[in-house]
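Asker: Sharing a structure below in C-alpha cells format, with a few things to ask.
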Amino acid sequence: MRAIWKGAVSFGLVSIGVRVYSATEEKDIRFHQVHRDDGGRIRYKRTCQVCGEEVTYDDIAKGYDIGGGEMVILTDEDFADLPLSTSHAIDVLEFVPAEQVDPILYNKAYFLEPEGTATKPYVLLRDALADSERVAIVKVALRQREQLATLRVREGVLLLNTMLWPDEIRTPDFGFLDEDLKVRAPELAMASSLIDSMAGEFEPDAFTDDYRAALQEVIDAKVEGREVVQPEEVEEAPAAAVDLMAALKASVERAKAARGEAPAGGAAEPTPISAARSAQKKAAEKKAAKAPAKKAAEKKAAPRKTAAKKAAPKKAAEAEKKPAAKKAAPKKAARKTA
C-alpha cells in the first residue's frame with residue numbers, strides 16, 4: 001500500500017506521528033469508452049463554452065453559480081486565508097460510545113500506521129480505546145477540506161472513518177409517514193417469526209458479487225477466443241522546429257498588443273510564425289488577383305477572333321482582282337504595236 005497522507009494524532013499533550021492509507025478499494029470492473037469499429041479510445045477535451053477554445057489546467061479556476069447566469073470566480077488566493085485546520089494534524093475532540101454514532105454518517109475508511117518512534121504511544125492509544133469501548137471524535141483536513149471523523153480499533157490497527165456533517169444528511173419526507181396505518185398483532189408476530197427463522201451471524205466473506213463474477217467470465221471467454229481488438233497506435237506529428245527566442249518574442253509582442261501597448265521601436269519585427277502567416281496571406285491575395293485578370297483577357301481575345309474572320313473574305317476578294325489586272329496588261333501592249 002502507498003501512504004496518501006502523513007501527520008500526527010494529537011490529544012492532550014500527546015502527539016503520535018502516523019501515515020494514512022486507504023482502507024478500502026473498489027473491485028468494480030471498469031471500462032473505457034472506445035470506437036466500436038477499431039477499438040480506439042474516446043478522448044474528451046476541456047473547452048470553454050463561451051469562446052470555444054481548449055483550456056489547460058493552468059487556466060481553470062473554481063466558479064460558484066449564484067443563479068441567473070451569474071458566476072463568482074475563486075482563485076488560489078481566495079482559498080489561502082480560509083480558517084482550515086492544519087493539514088498535518090488529527091485533533092481529538094472527545095471520546096464517545098460507539099453506538100451513539102449513526103452508521104449513515106460514515107464516509108470513507110483509512111488505516112493509520114505509526115511512523116518512526118511513535119509506535120509505543122500509538123499502541124497505548126489503541127489499547128486504551130479498545131478497553132474503553134469508545135471511539136474518538138476527531139477533525140482532520142484531507143484534500144483541502146476539513147472533515148469530521150472517528151478513530152476506532154480494527155484488527156489491532158487504528159481506523160480513521162471520515163464522516164459526513166449533520167447538515168449533509170437528508171431528512172426523509174415521504175407521504176406514508178403521515179398516514180395512520182395500524183399493524184395487527186398476529187401480522188407482527190408472523191413477521192417476527194420470519195426474522196427469527198432467518199437469523200444468523202454476519203460473515204462478510206460468505207457474500208459475493210455474482211454480477212461481477214459473471215461479467216469477468218464473459219471477458220475471460222472473449223480473451224480465450226481471441227475476440228480482442230488492438231487499436232492502431234497513432235503517431236503524433238513531429239512538432240515543427242521553432243526558434244525559441246523568436247517564439248518568446250512573438251509571445252511578448254502578442255501580450256503587449258492584447259494590453260493595447262505599442263510594440264517597442266514601432267512596427268514589430270517579423271517572427272517565424274508571423275512571417276509564415278504573412279506569406280500565406282500574400283499568396284492567397286496573389287491567387288485571387290490572377291483569377292479576374294485571366295477572365296478579362298479571355299473576354300478581350302474573343303472579339304479579335306471575330307474580326308479576323310470578317311477580314312478573311314476581304315483579302316480573298318482583293319486576291320481575285322489582282323490576277324484580272326495582270327491579264328489586261330498584254331492587250332494594252334498590242335494596241336501600241338498596231
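The values are calculated or read from the model by the stated rules, or taken from the named source; none is laboratory data. Not measured: the values here are computed from a predicted model. Every residue, glycine among them, receives a Cβ derived from its backbone with ideal geometry; neighbour counts consider all protein chains shown. The protein model used for the area step is the full one, side chains on, heavy atoms only, and it has no ligands, DNA or RNA in it. Shrake-Rupley method; radii C 1.70, N 1.55, O 1.52, S 1.80 Å.
Asker: How many percent of the accessible area of region 1-147 is carbon or sulfur, using a 1.4 Å probe?
Answerer: 50
Asker: Check which residues have an amide H placed less than 5 Å from GLU115's amide H, if you skip close sequence neighbours.
Answerer: Under 5 Å from the amide H of GLU115: GLY17, VAL18, ARG19.
Asker: A follow-up question, please. Need one value: the accessible area of PHE95 in square angstrom, 1.4 angstrom probe, rounded to the nearest 10.
Answerer: 80
Asker: Along the Cα→Cβ direction, 7 angstrom out, place labels at ILE169 and ALA257. What is the inter-label distance in nm?
Answerer: 6.1
Asker: From the square roots a ≥ b ≥ c of the eigenvalues of the alpha-carbon gyration tensor of region 130-206, which class results: rounded (a/c under 1.5), prolate (a/b over b/c), or oblate?
Answerer: oblate
Asker: Then there's this: Looking at this model, which pairs from LYS6/LYS108; LYS62/LYS139; LYS27/LYS62 are more than 27 angstrom apart at the alpha-carbon?
Answerer: The answer is LYS27/LYS62.
Asker: How about region 8-113: which GluC sites (Glu not before Pro) there lie in a loop by DSSP and see at most 11 other Cβ atoms within 10 Å?
Answerer: In loop regions of region 8-113 (DSSP not H, G, I, E or B), the sparsely surrounded GluC sites (Glu not before Pro) are GLU25, GLU26, GLU53.
Asker: Averaging over all projection directions, find the projected area of the Cα convex hull of region 1-139 and quote it in nm² with one decimal place.
Answerer: 15.2
Asker: Under a 1.4 angstrom probe, counting protein chains only, how are LEU105, LEU181, LEU93 ranked by accessible area, largest first?
Answerer: LEU181, LEU93, LEU105
Asker: Could I ask something else about it? Along the positive direction of the dipole of region 80-173 (beta-carbon charges: Lys, Arg +1; Asp, Glu -1; about the Cα centre), which of PRO114, VAL92, GLN147 reaches farthest?
Answerer: It is PRO114.
Asker: So, taking all protein chains as they sit and a 1.4 Å probe, how much accessible area belongs to MET71, in Å² rounded to tens?
Answerer: MET71 exposes around 110 Å² with every protein chain in place.
Asker: Taking the Cα centre of region 1-86 as the origin, how large is its charge dipole in debye, to the nearest 20, when only Lys and Arg (+1) and Asp and Glu (-1) carry charge on their Cβ atoms?
Answerer: 680
Asker: A further question on this structure: Protein chains only, probe 1.4 Å: how do TRP165, TRP5 rank by accessible area, largest first?
Answerer: TRP165, TRP5
Asker: Which one, ALA206, LEU160, ILE219, projects farthest toward the positive side of the charge dipole computed for region 134-233 from Cβ point charges (K/R +1, D/E -1)?
Answerer: Going by the Cα projections, it comes out as LEU160.
Asker: In what sequence, largest accessible area first, do ARG143, ARG2, ARG19 appear using a 1.4 Å probe?
Answerer: ARG2, ARG143, ARG19
Asker: Moving to a separate point now. Give the separation of the Cα centroids, region 1-51 to region 97-114, in Å.
Answerer: A separation of 20 Å, based on Cα centres.
Asker: Also: Treating only the Cβ atoms of Lys and Arg (+1) and Asp and Glu (-1) as charged, compute the dipole magnitude of region 115-182 about its Cα centre; round to the nearest 20 debye.
Answerer: Charge dipole of region 115-182: 480 debye, to the nearest 20.
Asker: Between LYS45 and GLU133, with labels modelled 7 Å along Cα→Cβ, what's the label distance in nm to one decimal, could you check?
Answerer: 6.4
Asker: At 1.4 Å probe size, what's the solvent-accessible area of PHE176? Round to the nearest 10 Å².
Answerer: 120
Asker: Considering amide H positions built from the backbone, and no H for Pro or chain starts, which residues 5 or more places from GLY40, or on another chain, come under 5 Å of its amide H?
Answerer: Those qualifying (amide H under 5 Å, at least 5 residues apart or on another chain) are HIS35.
Asker: For the residue pair TYR21 and PHE202, what label-to-label distance in nm results when each label sits 7 Å from Cα along the Cα-to-beta-carbon direction?
Answerer: Placing both labels 7 Å beyond Cα along the Cβ direction yields 2.4 nm.
Asker: Within a Cβ distance under 12 Å of GLU146, other residues only, what is the Lys/Arg minus Asp/Glu net charge?
Answerer: Combined, the nearby Lys, Arg, Asp and Glu give +2.
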